[in-house]
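**Q** Shown below is the structure under consideration.
The values are calculated or read from the model by the stated rules, or taken from the named source; none is laboratory data. Everything numeric in this text was worked out from a predicted model, so none of it was measured. Virtual Cβ from ideal backbone geometry, glycine too; neighbours counted across all protein chains shown. SASA here: full protein model, heavy atoms, side chains in, ligands and nucleic acids out. Shrake-Rupley method; radii C 1.70, N 1.55, O 1.52, S 1.80 Å.
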Amino acid sequence: MITLKVKSSKRNEMIDITSSIRGEVERSGVAEGICIVYIPHTTAGVIVNEGADPDVRLDILDSLTRLAPPSEGYRHGEGNSDSHIKAALVGSSVTIPIEQGRLALGTWQSVFFCEFDGPRSRRALIRIL
Amino acid sequence: MITLKVKSSKRNEMIDITSSIRGEVERSGVAEGICIVYIPHTTAGVIVNEGADPDVRLDILDSLTRLAPPSEGYRHGEGNSDSHIKAALVGSSVTIPIEQGRLALGTWQSVFFCEFDGPRSRRALIRIL
Amino acid sequence: MITLKVKSSKRNEMIDITSSIRGEVERSGVAEGICIVYIPHTTAGVIVNEGADPDVRLDILDSLTRLAPPSEGYRHGEGNSDSHIKAALVGSSVTIPIEQGRLALGTWQSVFFCEFDGPRSRRALIRIL
C-alpha cells in the first residue's frame, strides 16, 4: 500500500493528487487492474471531477457549503459537523480501472483529495491490484 | 476492460445499464469476484437504486436539481457547474460483488448511468476481477 | 462472500458494523488486499465516518433529512422517495484497503450501515480480495 501525504492550506479545499497516483500506477508495473484511493479521515473525502478549470472546484466547494452550512444547530460539540457531513456526501473511496499500465481517467478527470476541516496534514491511501 | 457505450437523450437522465453489465459478468466466466463500474466523465456519474418504478429515477433527478440548481451564481464559465456538482455528489465508481457467476444486486437494484449534462454520447467502463 | 445481517430500529439510523467487518477480515487471513462493503438495498447505503461521538451520526442523518425531506411532492407512490434519494447521495459501496491483515481505517473511522426506511431486517455484503 502507498500512503500519499497531503497538506491542506484552507478549511475547504480540493487538492489535485492525480499526478502522484499516476506515478504510483506506473511504478507498480500493473498493466490491467484497479487503483483504489481511500481517505482515512472523517472530515475529508475524495472526488473525481474536472481538473482543467479551478473554478469548477470552487463551485463544488461552495455548493457543498450551501448543502451543509457551518452553523445549523448541530449537536456535535467540536463545531465541525458540517465537515463530517460533507465527507459523508462525497465518500471515502473511489476505484479507478487501470488499462495498459495507465489510470483510465477520462480526458477532463482529475482525482481530488477533499479537505473539509483544514488546514491539516492528511493522508490518502493508494492500493493497486 | 469493457467499454459500454451510452447515449443520453436529455440534460438529466438515469439510464439503466444493468442488463449490459450482467451480460459482461456472465461472459467473463468469473464465479466469485467483483465488478467495478467506472464513469470517465466529469458531468456524469453512477447510482445503484430502484429500477422497477421509473418515478424513483425522476424523484432522484429532481432532488439533485434542487440541491444543485442550474443557475446559482457559479464561477465556471461553461454554464454546467450544476452538472459537475451532481457528478461529485453521486460519485464516479461503484463496486458490486459477483457471487456464483452473478452480480450480487439486491432484488430491486439496478445500475444507472447518470447523465447530468446531456444529451451526449458517453461511456461506462466495466472491470471484472 | 460474507453476508452481515443488520436489524434497524428506526426509520433513519446509522448502525456501526465495523467490528463485524474487522472480524471477517481477520478470519479471511488476507494480509494485503481490499475489503468491499456493498449494500444490496435501494433505501439504505454505507458511510464511513466518525464512530466516537454518536452526535456526529445524528447530525449527518438530520442533514440528509434537510436535503431530502420526507414530503416534497414526490412522484413515487410508496412514500419513501426521500429514502431512495438519501441512498443515492450516500452510495451503495465502499472499498477499504487491508494492510498487515487489518482494515486500514483511520483512527476515528467506523463503517456504518445507513438505514433510511426502517425499521427493517437488512443485509450488508462483504467481499475480501
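**Q** Does C:Ser19 fit the bill of being open to solvent by 10 Å² or more (accessible area, probe 1.4 Å), within 14 Å of chain A (Cβ to nearest Cβ), among the polar types (S, T, N, Q) and under 30 Å from A:Thr3 (Cα atoms)? So that I can check it myself, show each step before the final result.
**A** Working: open to solvent by 10 Å² or more (accessible area, probe 1.4 Å): yes; within 14 Å of chain A (Cβ to nearest Cβ): no; among the polar types (S, T, N, Q): yes; under 30 Å from A:Thr3 (Cα atoms): yes.
Answer is no for this residue.
**Q** With the requirement that a residue be touching an Asp or Glu at 6+ places or on another chain (Cβ under 9 Å) and outside any strand (DSSP E or B), what does segment A:6-46 give you?
**A** A:Ser8, A:Ser9, A:Lys10, A:Arg11, A:Asn12, A:Ala31, A:Glu32, A:His41, A:Thr42, A:Thr43
**Q** Collect the residues in segment A:48-68 that are open to solvent by 30 Å² or more (accessible area, probe 1.4 Å) and of a type outside the set (Gly, Ala, Ser), keeping them in residue-number order.
**A** So the first thing to find is which residues in segment A:48-68 are open to solvent by 30 Å² or more (accessible area, probe 1.4 Å), and the list is A:52-55, A:57-58, A:62, A:65-66.
Residues satisfying the conditions are A:Asp53, A:Pro54, A:Asp55, A:Arg57, A:Leu58, A:Asp62, A:Thr65, A:Arg66.
**Q** I'd like to know if segment C:64-79 contains one or more residues that are within 14 Å of chain A (Cβ to nearest Cβ) and under 17 Å from the mean Cα position of the chain (by Cα). So that I can check it myself, show each step before the final result.
**A** Pass one, segment C:64-79, residues within 14 Å of chain A (Cβ to nearest Cβ): C:64-69.
Narrowing further to those that are under 17 Å from the mean Cα position of the chain (by Cα): C:64-65.
Yes, segment C:64-79 contains a residue that is within 14 Å of chain A (Cβ to nearest Cβ) and under 17 Å from the mean Cα position of the chain (by Cα).
**Q** Can I ask one more? Is there a residue in segment C:90-111 that is away from chain A (no Cβ under 11 Å), modelled with pLDDT of 95 or more and surrounded by fewer than 22 Cβ atoms within 10 Å (Cβ to Cβ)?
**A** yes
**Q** For residues in segment C:112-129 being within 8 Å of another protein chain (Cβ to nearest Cβ) and either out of contact with any Gly (no Cβ under 9 Å at 6 or more places or on another chain) or not charged (D, E, K, R) (or both), which is nearest to A:Leu4 (Cα to Cα)?
**A** C:Leu129
**Q** To continue, here is another question. Name the residue that is least open to solvent (accessible area, probe 1.4 Å), counting only residues in segment A:24-47 that are acidic (Asp, Glu) and more than 8 Å from every other protein chain (Cβ to nearest Cβ). Even if it seems obvious, please write down each step before you answer.
**A** First, pick out the residues of segment A:24-47 that are acidic (Asp, Glu): A:24, A:26, A:32.
From what is left, the residues that are more than 8 Å from every other protein chain (Cβ to nearest Cβ) are A:24, A:26.
On the way: A:Glu24: 34, A:Glu26: 115 Å².
Only one residue fits best here, namely A:Glu24.
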